[in-house]
Amino acid sequence: MAPTLLNELAEGLTPLTALGFMYELAEITDGLAKDVRNHVIPAERLRIVFDENEPVAFIASALKQTKYGNLYELEGIIIHPDLQGKKIGRKLLEDELRQTNSTLLGFQTQNKRMADLGNSVAEYDASLVMELAPLIGTPNPRVRINDSGEEILVHDRRYRGESLYRDMESFVRGGKLISGLNTDAGDALVFIGRIKETL
């Protein structure tokens, strides 16, 4: 990718990423900009939605081959806060799943909204998580019990031993906390499921 295009993408996606992780725009750090350059822009698949030359949403992903068909690894999805609740993320994800002929969806997250999005398009399957989690970066998922007494599968300390989200009060108040997940320790929920036939 040409350096000019790389710089323009990084300049546009870094503030959007900051908003997605509940940073104040004045708090954007070199580390966050570096993460965008190193993890978002080089994604195998990167789809960006623009509004008047400004990025307002993106979805980053990769495809993995399994004996069950294509596993769509959702590496990240961010929708500008002003556009959330309009099903933009779901439409983007559904379109990506169709375009890639995926049979499985997999991701890791600290955010209940992302987990809910996954559950809306795929049927979570704990046995698939145990079998295929190494393909999405979790060699040994751990079982945890959530507040409802249900088992969840977790990647311990996935995110360098800390939460990805800057404003934890707003995060919790916004209903984004996953029950049974130690977000402060950097734990992530591991989700793998079969794509629903209704898509």
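Screening the candidates L19, L32, L25 for the property of being among the aliphatic types (A, V, I, L, M) and in contact (Cβ under 8 Å) with a residue 24 or more places away in the chain yields one hit, L19.
Pairing each residue of the stretch 91-102 that is under 15 Å from R194 (Cβ atoms) with any residue that is of a type in the set (D, E, K, R) and in a helix (DSSP H, G or I), provided the two are 6+ apart or on different chains, yields C-beta distances under 9 Å for S102/E96.
With respect to the conditions (1) open to solvent by less than 50 Å² (accessible area, probe 1.4 Å); (2) out of contact with any Leu (no Cβ under 9 Å at 6 or more places or on another chain); (3) modelled with pLDDT of 95 or more, P134 falls short on a single one, namely (1). Each residue in the stretch 36-87 was checked for being within 23 Å of K196 (Cβ to Cβ) and of a type outside the set (S, T, N, Q), and 22 pass.
Residue count for the stretch 124-140 satisfying the condition of being part of a loop (DSSP other than H, G, I, E, B) and on the phi < 0 side of the Ramachandran plot: 4.
The values are calculated or read from the model by the stated rules, or taken from the named source; none is laboratory data. Note that this is a predicted model, so its numbers are computed, not measured. Glycine gets a Cβ as well: all are built from the backbone with ideal geometry, and neighbour counts include every protein chain shown. These accessible areas exclude ligands, DNA and RNA; they are computed on the full protein's heavy atoms, side chains included. Shrake-Rupley method; radii C 1.70, N 1.55, O 1.52, S 1.80 Å.
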